[in-house]
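*Asks:* Structure below; questions to follow.
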Amino acid sequence: MVSLIVFLMTSILPGDIAKQTLGRDASTEAYEIWNKEKGFDKPLVVQYGRWMGGVVTGDLGISLQYEQPVSEILGPAAGKSAQLAIVALILIAPISILGGIAAAMNRGKKVDRILTVGGLSAAVIPEFVWAVVLILVFGVAIRAFPVSAFPDEENPNIFNSIYHLLLPSIALLFVLFGYISRITRAGVIEALDSDYMRTAVLKGLSRKAAVFRHVLRNALLPTIAVIATQVPYLAGGLIAIERVFNYPGFGNILLDAVIARDFPLLQTAVFLTGAVI
């Protein structure tokens, strides 16, 4: 069903792909020959069957704009997106968890209100807005970070790559911090009010030691599960982030395919994105 919806949505996009590819000065005969070569002269049912057959067999077709196999384009792009997602998760997970713990340990106090209200307020602002703000402040005004997430080819090392991926990761942090920290806060508060916590304190264990020995272990399990559920959202957020930071990832390729009406590339990219999200 997903594949059919993706195919129909991409097939009914307005405009003539032959004219867009060959130019408006080409002859009608040239348009017809091109459509026949690419298989666009066939009924949609035939085109869909051919495309799904290619998906099953691994033959994803040839990109119209790059004139390369779709798999050779999407494979490296997906790897780039995975790198960004990993760096983002490494940044988001510990900071959000620590924020939730700090809020819970200071329940009802100023620190709790700042972290909770600030996190939820930041989450309502789209990641691409945060990306633009971060670029303007840290990339243009302060010049502490590069405005592009693509590392310099002259200095290809892991630290340079992470350095270029920090701003995009921070943009995603602003969006996800509020939700993850709130779940962590709720779990820690529930653990603090539990019977085993009171028993540990009555046995002479200090509150700090009881928190590290009992509370965190029990409170972080649901938080880890929540972080896992945020991976699809993270994948969706990468599309906008990659575009703003001109990062050659899966999302950027997807948007380029939309603009160029590159059906073989677009249909496969949207299908895979829908499968992940």
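The values are calculated or read from the model by the stated rules, or taken from the named source; none is laboratory data. These figures come from a predicted structure and were not determined experimentally. Neighbour counts are summed over all protein chains in view; Cβ atoms, including those assigned to glycine, are modelled from backbone coordinates with ideal geometry.
*Asks:* Search segment 53-77 for residues that are assigned to a loop (DSSP other than H, G, I, E, B) and pair each with any residue that is of a type in the set (A, V, I, L, M) and at pLDDT below 85 when their beta-carbon atoms are under 6 Å apart and the residues are at least 6 apart or on different chains.
*Replies:* Filtered contacts from segment 53-77: Gln65/Ala260.
*Asks:* Tell me, which residue of segment 119-133 that is part of a helix (DSSP H, G or I) and without any contact (Cβ under 8 Å) to a residue 60 or more places away in the chain is farthest from the chain's Cα centre (by Cα)? Don't jump to the end; show me each part of the working.
*Replies:* Residues of segment 119-133 that are part of a helix (DSSP H, G or I), as a first pass: 119-123, 127-133.
In the following step, the residues that additionally are without any contact (Cβ under 8 Å) to a residue 60 or more places away in the chain were identified as 121-123, 129-130, 133.
Details: Ser121: 20, Ala122: 17, Ala123: 15, Val129: 15, Trp130: 14, Val133: 18 Å.
Per the stated criteria, the residue is Ser121.
*Asks:* Tell me the helices (runs of 4 or more DSSP H) entirely within segment 156-212 that contain at least 3 residues that are modelled with pLDDT under 90 and of a type outside the set (Gly, Ala, Ser).
*Replies:* By residue number, 158-192, 195-202.
*Asks:* I'd like the full set of residues that are surrounded by fewer than 17 Cβ atoms within 10 Å (Cβ to Cβ) and either within 15 Å of Val215 (Cα to Cα) or basic (Lys, Arg) (or both), limited to segment 99-118.
*Replies:* Of everything in segment 99-118, those that are surrounded by fewer than 17 Cβ atoms within 10 Å (Cβ to Cβ) and either within 15 Å of Val215 (Cα to Cα) or basic (Lys, Arg) (or both) turn out to be Asn106, Arg107, Lys109, Lys110, Arg113.
*Asks:* While we're looking at this one, here's another question. Looking at segment 224-251, which of its residues are among the polar types (S, T, N, Q) and over 28 Å from Val140 (Cβ atoms)?
*Replies:* Thr229, Gln230 - these are the residues of segment 224-251 that are among the polar types (S, T, N, Q) and over 28 Å from Val140 (Cβ atoms).
*Asks:* Residues of segment 37-51 being at pLDDT 80 or above and within 31 Å of the chain's Cα centre (by Cα), which ones?
*Replies:* Answer for segment 37-51, where residues must be at pLDDT 80 or above and within 31 Å of the chain's Cα centre (by Cα): Gln47, Tyr48, Gly49, Arg50.
*Asks:* State whether one or more residues within segment 80-97 are buried (at least 17 other Cβ atoms within 10 Å of the Cβ), within 30 Å of Gly237 (Cβ to Cβ), among the aliphatic types (A, V, I, L, M) and more than 18 Å from the chain's Cα centre (by Cα).
*Replies:* The answer is yes; a qualifying residue exists.
*Asks:* Being farther than 30 Å from Asn218 by Cα and in contact with a strand residue (DSSP E or B) (Cβ under 9 Å, 6 or more places away or on another chain): is that true of Gln47 here?
*Replies:* no
*Asks:* Note down all Cβ pairs under 9 Å where the first residue falls in segment 192-209 and is outside the structural domain of Ile101 (by TED's automatic domain parsing), the second is hydrophobic (A, V, I, L, M, F, W, C), and they're at least six residues apart or on different chains.
*Replies:* Qualifying pairs under 9 Å: none.
*Asks:* Of Val147, Val111, which residue is of a type outside the set (Phe, Trp, Tyr), modelled with pLDDT of 90 or more and in the same structural domain as Leu176 (by TED's automatic domain parsing)?
*Replies:* So the residue among Val147, Val111 that is of a type outside the set (Phe, Trp, Tyr), modelled with pLDDT of 90 or more and in the same structural domain as Leu176 (by TED's automatic domain parsing) is Val111.
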